[in-house]
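Presented below is the structure to which this report refers.
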Amino acid sequence: MLTFVFVCLSISVTGLHADFTVVVGSPSVKVKENKGVDLKCSYTADFGATPRIEWKFKDLKGYQFFIYFAGMITAEYEGRITMYDGGLRFNKVTRADSGDYDCEVSGNGGYDEKTIKLTVLVPPSKPVSRIPSSVTTGNNVRLTCFDADGSPPSTYRWYKDNTPLPEDPTKFPNFKNLTYKMNVFNGNLEFPSISKLDTGSYFCEASNGEGAAQHGDAVHMEVYDEDNSQAPAVSGNLSTETQNVPSKITMNHMLEKQYGIFMLQEVKLKLEIQKLELEITKLKLEVQKLGQ
């Protein structure tokens, strides 16, 4: 009876340790920009003494790259990372390093992988906002706000006449007559049917918990009755800041499109380079075998 109990306990205890398992120090790592950081990855002994270890990176746009492949650090990361038994270390991270890092281990017929999400912390920059200086009642009007630098992405808040607007005006007596809709995640402040009550000075605020919140420029928006002959033409009376925003947005779209094409070409080139590196590694191994 005692022997049976001992055997059962032994099976129960050893069963707690799964075969061929990869373990990461933390599935989510945050670090300030320009600082160093360790991504820790270990594995069980059943992979053998010299398992195959690979590290892959997928950025926030979905592009994937090898970091460590065939026992070597890839060209893009040489001088930036250090490999050691139990993980890798970035000497200094940039905002472009935010994304998912896959640690893959294989050996003795086993395979496992784990992912570490790295967030490089960057304070918000002054947001760019689009606020018309004059509109007519009854129209759908959208004010926009965007911070291009914050990581993690900023959330947004709007102010009217230096008073913060609640996300849901229906929950506050002082704002119940206002009918705007605020999206704190994309920075939009939308008036489905704007009224003269919405006249005022507006600005937005971007924050992400890193550094001080940043304010955009304040712009006075005047709401006129639709039949008011004194109402200025909307298209000709945007503020100094917002006059330049459409051209900026158009230019940004062109640059983003060109950048996207460039990035696609760069990704294709990197994949070709990695293929060549793999072929070179294979050739070196063949040469070593022939030498033996």
#### Entry: Sequence of LYS117, LYS181 when ordered by accessible area, the most exposed leading, probe 1.4 angstrom
LYS181, LYS117
### Query
Given a 1.4 Å probe and every protein chain left where it sits, what share in percent of the accessible area of the range 35-190 is carbon and sulfur?
50
### Query
Which Rg and Dmax, in Å, describe the Cα atoms of the range 20-121?
13.1, 40
### Separation in nanometres of the label points that stand 7 Å from Cα toward Cβ, at THR170 and ASP217
3.6
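Kindly provide the GluC sites (Glu not before Pro) of the range 43-88 that DSSP labels as loop, not H, G, I, E or B, and whose Cβ sees at most 13 other Cβ atoms within 10 Å.
In loop regions of the range 43-88 (DSSP not H, G, I, E or B), the sparsely surrounded GluC sites (Glu not before Pro) are GLU78.
With every protein chain kept in the model, how would you rank LYS35, LYS160 by accessible area, 1.4 Å probe, largest at the top?
On the way: LYS35 115, LYS160 30 Å².
Output order, biggest surface exposure first: LYS35, LYS160.
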### Task
Using the heavy atoms of the protein chains and a 1.4 angstrom probe, tell me the accessible area per residue for the range 59-164 in square angstrom.
47
### Task
Run the 1.4 Å probe and let me know the accessible area of TYR101, rounded to the nearest 10 Å².
0
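Are any of the pairs LYS35/LYS61; LYS92/LYS270; LYS32/LYS56; LYS35/LYS126 more than 29 Å apart by Cα-Cα distance, and if so, which? Could you put the intermediate results ahead of the total?
Working: LYS35/LYS61 23 Å; LYS92/LYS270 22 Å; LYS32/LYS56 21 Å; LYS35/LYS126 23 Å.
The answer is none of them.
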### Task
Run the 1.4 Å probe and let me know the accessible area of PHE66, rounded to the nearest 10 Å².
50
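The values are calculated or read from the model by the stated rules, or taken from the named source; none is laboratory data. Everything numeric in this text was worked out from a predicted model, so none of it was measured. Cβ coordinates were reconstructed from backbone atoms using ideal geometry, including for glycine residues, and neighbour counts include every protein chain displayed. These area figures cover heavy atoms from the full protein model, side chains too; ligands, DNA and RNA do not enter into them. Shrake-Rupley method; radii C 1.70, N 1.55, O 1.52, S 1.80 Å.
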